[in-house]
Amino acid sequence: MGDHLDFKYNSVNEGDERKGGHGIPKVSMVPLIFLIFYEVSGGPFGIEDSVKAAGPLLAIVGFLVFALIWSIPEALITAEMGTMFPENGGYVVWVSSALGPFWGFQQGWAKWLSGVIDNALYPVLFLDYVKSSVPALGGGFPRTLAVLILTVALTYMNYRGLTIVGWVAVFLGVFSLLPFFVMGVIAIPRIEPSRWLEMDLGSVNWGLYLNTLFWNLNYWDSISTLAGEVENPKRTLPRALSYALVLVVGGYLYPLITCTAAIPVVREQWSDGYFSDIARILGGIWLHSWIQGAAALSNMGNFLTEMSSDSYQLLGMAERGMLPEFFARRSRHGTPLIGILFSAFGVILLSWMSFQEIIAAENYLYCFGMILEFIAFIKLRMTHLNASRPYKIPLGTIGAVLMIIPPALLIVVVMALASFKVMAVSIMAMIVGFVLQPCLVYVEKKRWLRFSISGDLPDLPDSQEAAEDDTVPLAF
């Protein structure tokens, strides 16, 4: 059965059409690259804490090693699974097809909650960058009002269409990266290579160090929840992921390498926003202002793309019958209106959390979701080895298992380093998901709300049947 299984996708996401089934233009290559860029990164804003935690050498090596053992495997899995299931459910569909609808829902719950928690950070960071120019935004009612206004304005932009969000991401990405290129060029004559080797293992803050690296190099799979909106995703998605990987990792390493060697490193000063201070030292007030403006606007790009991913994920879950049918309804712009409103409400509700609490909580929930993804990836490789995979990682089953061992160990470390408070809150959130899914099944059974599966989507394999009937030999 599994050896010959193929998933037939129709007009929703197949072929070269530039418009989807709703007559809305699909996302092309360049906007897709920058959507991925903002899902994962948005620029080197926030990586300063890696130097504060561990010094220049470990910061530079850390981003290289983490990219190798985490970003590349996650991007490869996203390329394979995203082209195998090119629909808006993304990773929810991957887990459902391998482990069944209960665990698929848990994946969706954990990832959506992680994304909303992450998005609550960006309006706050935006105001942190502009409060030096507008001190009234530093706290109190003006700050709260500004968060609400920003959230509403950016939510409206999401409502107007994903293609608009994609091209806005292109503009913001270029504007955010360009000042760092200029700063790096200015820094070259002042570089002293010996500064790269500074390291003191005894004073490393491992928790801050690992959380900073992990936060800045994850979320490659988030783009999978937009696969149904992408022009020819089976060809475009793998290429866009590879280009975005180079853009993200290069965007981190270039300013780290140039700036840590251009001025003496005082680790205590390397906190969020310190690149703008370095810009003032190297280039003057004009470069300082440019990087501050780029940082503020970059947070808006992060917000837009994260909300798009979260809201289309809810639409994809509704198209698979996991959520009530009204989540699948689209606005006249082709956007998931209810999903956008739910995600915006979650952002406002969680905007009271501190920066470190947000990072730790989202990392914990994200790790739970990644464990399910890894299990689903390996199980589908074993039970449906010959299913259609327009892009396939050039490794056999054993090779695929070996590839995910380092990121799996990293997940264990990140979760173990979480504080008791973060761990308790995250586990409680997961328990809510365990209760919510059977409640929704009961609601559907009682017909209190309407649930339906989109006719444009193929049936998913029965995970229990696949486990019983399919035996595929391991291969490299």
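Provide the packing ranking of 433-443, 232-242, i.e. peptides ordered by the mean count of other C-beta atoms within 10 Å per residue, highest first.
The most tightly packed comes first, giving 232-242, 433-443.
Given R₀ = 60 Å, what would the calculated FRET efficiency be for Val441 paired with Val30, taking r from the Cβ atoms and rounding to 0.05?
Efficiency at R0 = 60 Å is approximately 0.90.
If you average the alpha carbon positions of region 259-307 and of region 28-71, how far apart do those two centres end up, in angstrom?
Each part's Cα centre sits 14 Å from the other's.
Stokes-Einstein diffusion coefficient for region 50-108 at 37 °C in a medium of 0.692 mPa s, Rh from the Kirkwood formula over Cα pairs: what value in µm²/s?
Approximately 244 µm²/s, per Stokes-Einstein.
Which pairs break 24 Å Cα to Cα here: Lys234/Lys445; Lys26/Lys379; Lys111/Lys379?
As for pairs spanning more than 24 Å Cα to Cα, those are Lys234/Lys445; Lys26/Lys379.
Would you mind working out the magnitude of the charge dipole of the chain relative to its Cα centre, with +1 at each Lys and Arg C-beta and -1 at each Asp and Glu C-beta, to the nearest 20 Debye?
The calculated dipole for the chain is roughly 900 debye.
Give me the net charge for the shell around Trp220: Cβ to Cβ below 10 angstrom, other residues only, Lys and Arg +1, Asp and Glu -1.
Computed value for this residue: -3.
Does region 290-389 come out rounded, prolate or oblate by the C-alpha gyration tensor, with a ≥ b ≥ c the root eigenvalues, rounded set by a/c under 1.5 and, if not, prolate when a/b is larger than b/c and oblate if not?
oblate
Please determine, in degrees from 0 to 90 and to the nearest 10, the orientation of helix 355-383 with respect to the longest principal axis defined by the Cα atoms of the chain, where the helix direction is its Cα long axis.
The helix 355-383 is inclined about 40 degrees to the chain.
Per residue, how much accessible surface does the chain expose to a 1.4 Å probe? Answer in Å², no decimals.
Solvent-accessible surface per residue comes out at 40 Å².
Order the peptides 216-222, 173-179 from the highest to the lowest mean number of other Cβ atoms within 10 Å of their residues.
Averaged packing, sorted descending, gives the order 216-222, 173-179.
For helix 121-130, report the angle its Cα long axis makes with the longest principal axis of the Cα atoms of the chain; keep it between 0 and 90° and round to the nearest 10°.
20 degrees
Hey, can you rank 367-374, 39-46 by average C-beta count inside 10 Å, highest first?
39-46, 367-374
If I fit a long axis through the Cα atoms of helix 140-160 and take the longest principal axis of the Cα atoms of the chain, what angle between them do I get, 0 to 90°, rounded to 10?
That helix lies at roughly 50 degrees to the long axis.
The values are calculated or read from the model by the stated rules, or taken from the named source; none is laboratory data. This one's a predicted model, so the numbers in the text were calculated from it and none came from an experiment. Here the Cβ is made from the backbone with ideal geometry for all residues, glycine too, and neighbour counts use every protein chain on show. For accessibility, only protein heavy atoms count, side chains too; no ligands or nucleic acids. Shrake-Rupley method; radii C 1.70, N 1.55, O 1.52, S 1.80 Å.
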